[in-house]
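Heads up: the structure comes next, in structure tokens.
The values are calculated or read from the model by the stated rules, or taken from the named source; none is laboratory data. Everything quoted here is computed from the prediction, not taken from an experiment. Reconstructed Cβ throughout: ideal geometry from the backbone, glycine too, with neighbour counts over all protein chains shown. Just so you know, the surface numbers come from the protein's heavy atoms only, side chains and all, with ligands and any DNA or RNA stripped out. Shrake-Rupley method; radii C 1.70, N 1.55, O 1.52, S 1.80 Å.
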Amino acid sequence: MLAPGMVCAMHELSIASYLVEAVAEQARERGAQRVLAISLVVGERAGVVEDSLRFCFEMLASETLAEGACIDIHRTSMSFHCDGCGDDYRPGGEDFCCPVCGTVGQVVDDGSRLMIDSIEIET
């Protein structure tokens, strides 16, 4: 049973399941006793609710090498490159125009990234 106010959404549950499996496998391959921390890069458009992901991870990591591991989430946003003036920029709200010249730039990062950046282990 979930604690009041805690939600383990399907999206975060599947991500947490993958995280537990992937970091435990990496830890085993390196002869680790346990996983201390996991650093994630999560785009603003990846649809990840941080509290829900942490809750699901804690639930699934119980009695694994990843039990008690801290999850550090680094959020990234969309970024564009303007061919008109050469500026790199991050759009504000729904406006994708370059703040310097007003041209709509090319997407460099669509903000949907979700990746494990690093894993800290104890050997």
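List of remarks:
- Accessible surface of CYS98, taken over heavy atoms with a 1.4 Å probe and every protein chain present, rounds to 10 Å².
- Each Lys and Arg Cβ is given +1 and each Asp and Glu Cβ -1; about its Cα centre, the chain then shows a dipole of about 140 debye.
- Given the choices (i) 17.1, 56; (ii) 18.3, 55; (iii) 13.6, 41, Rg and Dmax of the Cα atoms in Å derived from the coordinates of this structure is entry (ii).
- With the cut-off at under 13 Å, measuring from each backbone N in the stretch 47-85 to a point 7 Å along the Cα-to-Cβ line of ARG28 picks out 64-66.
- Estimated inter-spin distance, ALA37 and ASP95, nm [label 7 Å along Cα→Cβ]: 3.8 nm
- Farthest positive-ward along the chain dipole, Cα basis, beta-carbon charges - from VAL100, VAL41, SER52: SER52
- Working note: Debye formula, equal point scatterers on the alpha-carbon atoms of the stretch 51-100, no solvent; log10 I(q)/I(0) at q = 0.16, 0.23 Å⁻¹ is -0.60, -0.81.
- Multiplying the residue separation of GLN106 and ASP51 by 0.36 nm and removing their Cα-Cα distance gives an extension gain of 16.6 nm.
- By DSSP, the beta bridges lying fully in the chain are antiparallel in about 70 percent of cases.
- Over the stretch 1-117, accessible surface divided per residue gives 59 Å², non-protein components excluded, 1.4 Å probe.
- When PHE80, PHE55, PHE96 are compared by accessible area of protein heavy atoms, the largest-first order is PHE96, PHE55, PHE80, using a 1.4 Å probe.
- The helix-only estimate of mean residue ellipticity at 222 nm for the chain, built from DSSP H runs of length n ≥ 4 each weighted as -39500 (n - 2.57), is -8500 deg cm²/dmol after division by the residue total.
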